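I have placed the structure first, in the form of structure tokens, so that the comments after it can refer back to it.
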Amino acid sequence: MNVLAFLAMLLAVPVGARAQTAPSCLDAASCDDANACTVDACAPDGCVHAPLDLAGLAVAVDSASGATACANDAVPPLVGALVGRARANVERAATETNPTRTRRDLKGVVLRLRRAARKTNMAGRTGRIGAGCAADLGNRLQAAIDAATCLVTPPTNAPFACLSGSGPLLTIRGTRTTELNERSLAPGARIDARAATFLASPAAHYPITLDGGAGVCLGGGTIKGQYERTLDWSTMHDMNNAGVSFASPTTVDGVRVDDVTDGLRPRGVGPFTIRESWLSYIRDDCVENDHLEGGVIDDSLFDGCYVGVSERPSDSITADGRDRTLTIQKTLIRLQPMPGPRNGTAGELGNGELFKWSDQATRLALYDDVFLVEKVGQGGPDTMGVPPLAGCRNDVMVWLGDGDYPAPLPSCFTVTHDRKKWDDAVAAWKASHPFVGR
């Protein structure tokens, strides 16, 4: 395997996956499977994707010292020193017989290379090295970071219940810049993404798209939007992206999503379950349920939504959810004022409503939830209430605006101006969910 072929690796599958072959190939580069946890090669019978090992990791770390675009640049000495220390960690890991010490050495590789990547990025931004050098070296460092991450054993006891099923299992690891598009999943299929990070961008608007049989499980996974956080609502809305989109009865368990247009998007056949998931800086709907599916949102943290939950279909969607129920329980939802809100100015901060509802929407039930609202939404006070409820118990509204909350609330709600109620609830949620990505 040559270095360039290794550097192409970005995705993730189980480290112990078997080598696979394809009918034909041109060279190692043509066998790129975009997978940071495999080493790609072109064999006589086709492409081979062998599991990454410490020798492959050593190649990746060494490649960071040979960035071709840096031939005429003075790379900061600390970057070279950090790469050297990371290489020493790899060598020590290869001699260890204690798995705990091996994992410690590999974590040291990740930490040192991440620091080197930050120094490289800063050198590029300040002009100490050229943009081409910064990009080449940064890409090589990131490839080595992803490779090392593949070899650091992820937590196996994360309490994402749906992964305990018996259906087919697909394990994803490492950092992914392309979309995971699985539209023919078998009933009961499980996707273990606890050790995976998906980068949402204009090149990967839908980091995770799932469809197939009933009972699909997505356990874990971190989706990080790469969009400028100053973009206005209209720009983000027109890009029409979502962190996770699924079109069959699906459980989304323990997913972390930040900086996308819509956080989670059910879009076909329900019911669905969203559990133990953490969303932040969602530029439109934290949950866009415009196909009006029934389901449960349980024990989740939505800490920054423009709109909490949407059930207002566009003209292209024919749906009627009035015989279905959406239950939201033990969940925290905060509306966050964001730049350039709908019908606002570029310099304005604004938000939508907690519930964007239609006459055909599902029956809504709210139990033991905490909501935080800082200001009246762009649609005015009339949009700030909650729809007629099929059930309600022990809900708290933290209102940080002036005067009374701007819309009537059911008697099952307690309204308070005390921000500490929200902060304490968030701290308790994070403490009790250590396996959800940060």
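Here the condition is being buried (at least 22 other Cβ atoms within 10 Å of the Cβ) and without any contact (Cβ under 8 Å) to a residue 24 or more places away in the chain; of Ala147, Ala193, Ala134, it holds for Ala134 alone. Could you say which residue among Ser164, Ser63 is among the polar types (S, T, N, Q) and surrounded by 15 or more Cβ atoms within 10 Å (Cβ to Cβ)? Just a single option satisfies the conditions, and that option is Ser63.
List the residue pairs whose Cβ atoms are under 8 Å apart, where the first residue sits in region 110-124 and is closer than 15 Å to Gly84 by Cβ and assigned by TED's automatic domain parsing to the domain that holds Gly138, the second is part of a helix (DSSP H, G or I) and among the hydroxyl-bearing types (Ser, Thr, Tyr), and the two are 6 or more positions apart or on different chains. If the second residue must be part of a helix (DSSP H, G or I) and among the hydroxyl-bearing types (Ser, Thr, Tyr), no pairs are left.
For the residues Gly321, Gly268, Gly304, Gly347, the requirement of being of a type in the set (Gly, Ala, Ser) and either modelled with pLDDT of 95 or more or within 18 Å of the chain's Cα centre (by Cα) (or both) singles out Gly304.
Within the set Thr209, Thr149, the sole residue that is more than 26 Å from Leu106 (Cβ to Cβ), of a type in the set (Val, Ile, Thr) and under 19 Å from the mean Cα position of the chain (by Cα) turns out to be Thr209.
In region 76-96, the condition of being at pLDDT below 85, basic (Lys, Arg), under 30 Å from Asp192 (Cβ atoms) and part of a helix (DSSP H, G or I) is met by no residue. Exactly one residue out of Ala55, Ala71, Ala81, Ala64 is within 31 Å of the chain's Cα centre (by Cα), without any contact (Cβ under 8 Å) to a residue 60 or more places away in the chain and either farther than 18 Å from Arg128 by Cβ or assigned by TED's automatic domain parsing to the domain that holds Arg101 (or both): that is Ala55.
No other residue among Thr331, Thr325 is touching a residue at least 60 places away in the same chain (Cβ under 8 Å), surrounded by 13 or more Cβ atoms within 10 Å (Cβ to Cβ) and in the same structural domain as Leu279 (by TED's automatic domain parsing) apart from Thr325. Being hydroxyl-bearing (Ser, Thr, Tyr) and surrounded by fewer than 23 Cβ atoms within 10 Å (Cβ to Cβ) is the requirement here; does Ser300 meet it? No; evaluated as a whole, the condition is false for this residue. Is region 397-407 home to any residue that is part of a loop (DSSP other than H, G, I, E, B), surrounded by 15 or more Cβ atoms within 10 Å (Cβ to Cβ), in the same structural domain as Gly308 (by TED's automatic domain parsing) and not aromatic (Phe, Trp, Tyr)? Yes, region 397-407 contains a residue that is part of a loop (DSSP other than H, G, I, E, B), surrounded by 15 or more Cβ atoms within 10 Å (Cβ to Cβ), in the same structural domain as Gly308 (by TED's automatic domain parsing) and not aromatic (Phe, Trp, Tyr). In region 87-106, of all residues being in contact (Cβ under 8 Å) with a residue 12 or more places away in the chain and more than 14 Å from Val152 (Cα to Cα), the one that is surrounded by the most Cβ atoms within 10 Å (Cβ to Cβ) corresponds to Arg87.
The values are calculated or read from the model by the stated rules, or taken from the named source; none is laboratory data. Quantities reported herein were computed from a predicted structural model and do not represent experimental measurements. Neighbour counts are summed over all protein chains in view; Cβ atoms, including those assigned to glycine, are modelled from backbone coordinates with ideal geometry.
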